[in-house]
1. Is it fair to say residue 199 is exposed (fewer than 15 other Cβ atoms within 10 Å of the Cβ), within 16 Å of the ligand (Cβ to nearest atom) and not in a loop (DSSP other than H, G, I, E, B)?
2. Of the conditions (1) away from the ligand (no atom under 12 Å from the Cβ); (2) crowded, with 17+ Cβ neighbours inside 10 Å; (3) in a loop (DSSP other than H, G, I, E, B), residue 262 fails just one. Which one is it?
3. I'd like to verify a number: residues in region 3-27 that are among the β-branched types (Val, Ile, Thr) and away from the ligand (no atom under 14 Å from the Cβ), how many?
4. For region 103-111, check the following and say yes or no: at least one residue is modelled with pLDDT of 90 or more and surrounded by 15 or more Cβ atoms within 10 Å (Cβ to Cβ).
5. Would you say residue 54 is surrounded by 16 or more Cβ atoms within 10 Å (Cβ to Cβ) and assigned to a loop (DSSP other than H, G, I, E, B)?
6. Just the residues that are away from the ligand (no atom under 14 Å from the Cβ) and more than 20 Å from residue 189 (Cβ to Cβ), please, taken from region 28-47.
7. When residues of region 202-218 are filtered for being away from the ligand (no atom under 13 Å from the Cβ) and not β-branched (Val, Ile, Thr), how many remain?
8. What residue, among those in region 227-259 that are crowded, with 17+ Cβ neighbours inside 10 Å and charged (D, E, K, R), is modelled with the highest pLDDT?
Amino acid sequence: MITRFAPSPTGKLHAGHAFSALLAWHFSRRKMGKFVLRMEDIDQQRCRPEFDDIMKQDLRWLGIQWADPVRHQSDHLAMYQSMADQLFDLGLLYPCFCTRREIQRELEAAGYAPQDNQPTAYPGTCRRLTESEQQQRISAGHDYSLRLNVERAVDRVGGNLIWNDLLNGPQPVQPDLLGDVILVRRDIGCSYHLCVTVDDALQNITHVIRGEDLRDSTHVHRLLQALLDLPVPQYAHHPLIRGSDGVRLAKRLDSETLQSVREQGVSAETFLKDSGLSDLLRDTLSRFAEADNPPPQASPSP
Ligand code: GLU
């Protein structure tokens, strides 16, 4: 059993990250498994080495020990690109020249009203370009990302994909939930969806434990596993931790960071108890245990 914590060092950790990391850590201890740390730092514009260091100090303060070495995704960009090449060679990726503003305009024209910053599926504009239109734009030097053609991907792998969520049971995959996602960003040559899926497989992760904000992404990851013939881990998407005002925690608010708690001389134990995280951890871990060991079915009476 191997699980992981996979933060992006684009800011500092908060109570929500502590919860995710501790869930994975305690679960690995209970199962006598392994816990690894992965820095998802493909976006070198936004990631900073000092955040990497602060995150490690936070995790040590929480009592978490990871198995060395820590994987840094930025060390493996060529490998992710070769995985993208495989998908490209299968005819499953297409170049997208749209800017965010153009996508927004197209969605508005189609009657979409932006709500709660919910991600909206790409409207498919560049999927409709002919090969010669694509070539013309590429030769004219237009920048492009590469998107997954979900319809073709589904044709290739067939329907009926499923993954198991320890907290919610078997989940049928909705491959087009996020639409034709970007797998190769124009600036860095890969993307979160591609790298996380490849790394979970390469690091032999058996249990992916993360916040429910990433549940929709798991539909994409499961599809990529089928396309790239990768093993399928079990998943647990836990509820997000909110601040006392009910708002989701954000890395950018310094007052909410683990570092600021630590530097006030508070112990991790006190912090977890006072914030209610200890109880939540215990409850969530016992739900994992139930899912792992389902109660025996009552046998029919003789
Ligand atoms: N790197 C992602 C984040 O910091 C998490 C990825 C994952 O757990 O799958 O939000």
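1. no
2. (3)
3. Adding up the residues that qualify gives 0.
4. No, there is no match, as no residue in region 103-111 is modelled with pLDDT of 90 or more and surrounded by 15 or more Cβ atoms within 10 Å (Cβ to Cβ).
5. In short, no.
6. 28, 29, 30, 31, 32, 33, 34
7. 2
8. Among those residues, the one meeting the criterion is 256.
The values are calculated or read from the model by the stated rules, or taken from the named source; none is laboratory data. Predicted model only: the values in this text are computed from it and were never measured. Heads up, the Cβs are rebuilt from the backbone with ideal geometry, glycines too, and the neighbour counts pull from every protein chain shown.
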